[in-house]
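A.B. asks: I'd like to ask you about the structure that follows.
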Amino acid sequence: MYGEVTTGDAGRRPMTREEVRLFLDHADEQAAKALRQGHKGALARDRDAALFKAIYGWGLRGSEVSALDVTDFRSHPDAPGLGRFGSLYVRAGRRIGGLPPQQRTVVSVVPWAVRALRDYLAEVRPRYGSSLQPALWPTERAGRVRRREIENRFATYRDALGLDRRLTPHSLRSAYVAHLLTDGADLSFVQQQVGHRFPVTTAICAGLS
């Protein structure tokens, strides 16, 4: 397990593997509980459980996951067994200066996250109705889930579990980086996956000196 670390930005430290497991399990449990109780927010909880898995499974920023469309999943020669989910095209990456958002292709390397997205697209997203927009994470008003909504839901689940209050959705992205590196992935590969300009940024994101 990747141990707890600190970085220059305490709110962006990687979640440990155990924290990730607890958080994602809790998100699933909240979705199931809302469905059993007939809660009107059950659909949104199902959606958000898949969304958090996508943040961790592809190492995404909050703004990047919010902007995803269904068509952003694509096949990739490095992941032939995953079909159209072999990679994820990130259109709304970080802006640097006055330049347009950076774009990148993230190779899918977390198979269980791919399974979760397949299930979401087959069983959850269609329940939003026939007027679906291209957005991967639609709202009941045919909008798009925004970054602040993601942050608020994350904080609600984090606090319910009694986890470190410094953790943010970005901590799931940092965990993706940290866990890939500790599992033996090459630093330059991880750097490309998450769209960092410099390898030292990737190392810092992982909590490495």
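Where a number appears in this text, it was derived from the coordinates with a stated rule and is not lab data. Quantities reported herein were computed from a predicted structural model and do not represent experimental measurements. When we count neighbours, we look across all protein chains shown, and the Cβ atoms used for this are built from the backbone with ideal geometry, even at glycine.
A.B. asks: Which of the listed residues, P101, V90, S63, is farthest toward the dipole's positive end in segment 58-165, when Lys, Arg count +1 and Asp, Glu count -1 at the beta-carbon?
C.D. replies: Towards the positive end, the residue furthest out is P101.
A.B. asks: So, one more: Within the chain, what's the longest stretch lacking GluC sites (Glu not before Pro) that sit in DSSP loops with no more than 13 other Cβ atoms inside 10 Å?
C.D. replies: On the way: sites that count: E4, E140.
Result for the longest clean stretch: 5-139.
A.B. asks: I need the phi-derived Karplus couplings for segment 173-188: 6.51 cos²θ - 1.76 cosθ + 1.60, θ = phi - 60°, integer Hz, Gly and Pro marked x.
C.D. replies: After applying 6.51 cos²θ - 1.76 cosθ + 1.60, I find 5, 5, 5, 4, 4, 4, 6, 4, 5, 6, 8, x, 5, 5, 4, 5 Hz.
A.B. asks: Then there is this: State to the nearest 20 debye the size of the charge dipole of the chain about its Cα centre, where the only charges are +1 on K and R beta carbons and -1 on D and E beta carbons.
C.D. replies: Using Cβ point charges on Lys, Arg, Asp and Glu, the chain gives about 660 debye.
A.B. asks: Give the long-range amide H neighbours of R104: residues separated by 5 or more places, or on another chain, with amide H under 5 Å away, using H modelled in the peptide plane at 1.01 Å from N.
C.D. replies: V90
A.B. asks: How high is the FRET efficiency from Y89 to V200, r the C-beta distance, R0 41 Å, rounded to 0.05? Walk me through the numbers before you get to the answer.
C.D. replies: Values: r = 26 Å, r/R0 = 0.63.
Computed FRET efficiency for Y89 and V200: 0.95.
A.B. asks: For the chain, what does the helix formula give at 222 nm: sum of -39500 (n - 2.57) over DSSP H segments with n ≥ 4, over the residue count, nearest 500 deg cm²/dmol?
C.D. replies: Working: 8 runs with 95 residues, N = 209.
Here the helix-only value at 222 nm equals -14000 deg cm²/dmol.
A.B. asks: Right, next: For segment 100-115, what does the Karplus curve 6.51 cos²θ - 1.76 cosθ + 1.60, with θ = phi - 60°, yield as ³J(HN,Hα) per residue in whole Hz, taken in order and with x for Gly and Pro?
C.D. replies: With the stated coefficients, segment 100-115 comes to x, x, 6, 10, 7, 10, 9, 6, 6, 10, 10, x, 5, 5, 4, 4 Hz.
A.B. asks: For segment 35-50, take each phi angle, set θ = phi - 60°, evaluate the Karplus expression 6.51 cos²θ - 1.76 cosθ + 1.60, and give the result in whole Hz per residue in order, putting x for glycine and proline.
C.D. replies: 5, 4, 8, x, 5, 5, x, 4, 5, 5, 5, 4, 4, 5, 4, 5
A.B. asks: Next question. Suppose a student asked you for the relative contact order of segment 17-167, using Cα pairs under 8 Å spaced at least 6 residues apart; what percent would you report?
C.D. replies: Working: 198 pairs, mean separation 33.1, N = 151.
Once normalised by length, the contact order is 22 percent.
A.B. asks: Skipping prolines and chain starts, which residues have an amide H placed within reach, meaning under 5 Å, of the one on W137, given they are 5 or more residues away or on another chain?
C.D. replies: V145
A.B. asks: Please work out which option in (1) 118; (2) 127; (3) 136 gives volume of the Cα convex hull per residue in Å³ calculated from these coordinates, and answer with its label.
C.D. replies: (2)
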